[in-house]
Amino acid sequence: MSNSNKTKSLKDMNYDDSITELQKILSSLQNDELSIDELTNTIKRSTELLELCNSKLRSTEKEVNLVIQKLGLGD
């Protein structure tokens, strides 16, 4: 998997896009499809994608907790 122009900007990505790209990266790593030169950039991209996913999950968790509180279902 090379870092080509088809790589989406993080600001344009949603959670599902990020997970899909991470799965492709994982497959590339497992199948030894990356050169050493590509590896550094791929690892950096993976880290950015993981941070994006974590951020979106935390945001969603906060929203769900607010809804639960509004419904009076919280602790």
- prompt: Just for the stretch 20-39: of the residues that are surrounded by 14 or more Cβ atoms within 10 Å (Cβ to Cβ) and either among the aliphatic types (A, V, I, L, M) or closer than 16 Å to residue 59 by Cβ (or both), which one is nearest to the chain's Cα centre (by Cα)?
  reply: 22
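Restricting attention to the stretch 18-43, report how many residues are among the charged types (D, E, K, R), modelled with pLDDT under 95 and not in a loop (DSSP other than H, G, I, E, B). Before the answer, list the steps.
Pass one, the stretch 18-43, residues among the charged types (D, E, K, R): 21, 24, 32-33, 37-38.
Right, trim to modelled with pLDDT under 95 and you get 32-33, 37-38.
Add one more test, that the residue is not in a loop (DSSP other than H, G, I, E, B), and what stays is 37-38.
Result for the stretch 18-43: 2.
Return a yes/no flag: does the stretch 53-63 have any residue that is outside any helix (DSSP H, G or I), in contact (Cβ under 8 Å) with a residue 24 or more places away in the chain and either surrounded by 12 or more Cβ atoms within 10 Å (Cβ to Cβ) or at negative phi (or both).
Let us first name the residues in the stretch 53-63 that are outside any helix (DSSP H, G or I), namely none.
Looking through the stretch 53-63, none of the residues is outside any helix (DSSP H, G or I), in contact (Cβ under 8 Å) with a residue 24 or more places away in the chain and either surrounded by 12 or more Cβ atoms within 10 Å (Cβ to Cβ) or at negative phi (or both).
The values are calculated or read from the model by the stated rules, or taken from the named source; none is laboratory data. Since this is a predicted model, take the numbers as computed values, not measurements. Reconstructed Cβ throughout: ideal geometry from the backbone, glycine too, with neighbour counts over all protein chains shown.
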